[in-house]
Amino acid sequence: MDGNDVTYSCCTATYEWVSIPDRVNFYQKTYYLSGGMAMHLNIKKGKYRFSVYTPKDKQYPNLIPNHEEWTSNEFYYDTDNPAKVLFVYPVADNTGFYTGEWVISHLAPQFKEFTIPVEK
């Protein structure tokens, strides 16, 4: 809550592919999410502001013109009142093109044949 980046000092993380449940994988070098992944965060007790971003050099093939990095909202999290699941999903404009933003929410996005990005 004090604005310091505690990504590697207050948490550890593992991930599973949704298509291969119950097979835990350990992150190497950096934490990241990709479609079809579930991340498991083990964080120290406290209050946190979660946010995520995608650096410009990791955006291929979804480059957004004049956008340096995809950024998210800040999600406030308290380990004394934890959410069981957090969802991270992209934002799109009314034409369906990604805007270069992420949403972190305790609510799941709409699903049909594919994930429908939230519109702004």
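Kindly check whether there is at least one residue in the stretch 105-116 that is of a type in the set (A, V, I, L, M, F, W, C), open to solvent by 40 Å² or more (accessible area, probe 1.4 Å) and modelled with pLDDT of 75 or more.
The answer is yes, given that some residue of the stretch 105-116 is of a type in the set (A, V, I, L, M, F, W, C), open to solvent by 40 Å² or more (accessible area, probe 1.4 Å) and modelled with pLDDT of 75 or more.
Which of the residues that make up the stretch 32-55 are open to solvent by less than 50 Å² (accessible area, probe 1.4 Å), free of Cβ contacts under 8 Å to residues at least 24 places away in the same chain and either out of contact with any Ser or Thr (no Cβ under 7 Å at 6 or more places or on another chain) or charged (D, E, K, R) (or both)?
Met37, Ala38, Pro55, listed by residue number.
Of everything in the stretch 17-36, what is hydrophobic (A, V, I, L, M, F, W, C) and under 16 Å from Ser72 (Cβ atoms)? Give them in sequence order.
Leu33 - this is the single residue of the stretch 17-36 that is hydrophobic (A, V, I, L, M, F, W, C) and under 16 Å from Ser72 (Cβ atoms).
Please specify each residue of the stretch 1-31 satisfying the condition of being touching a residue at least 24 places away in the same chain (Cβ under 8 Å) and open to solvent by 100 Å² or more (accessible area, probe 1.4 Å).
Residue satisfying the conditions is Met1 alone.
The values are calculated or read from the model by the stated rules, or taken from the named source; none is laboratory data. Because the structure is a prediction, the values reported are computed rather than measured. Because the Cβ atoms are built from the backbone with ideal geometry, glycine has one as well, and the counts that use them run over all protein chains shown. Just so you know, the surface numbers come from the protein's heavy atoms only, side chains and all, with ligands and any DNA or RNA stripped out. Shrake-Rupley method; radii C 1.70, N 1.55, O 1.52, S 1.80 Å.
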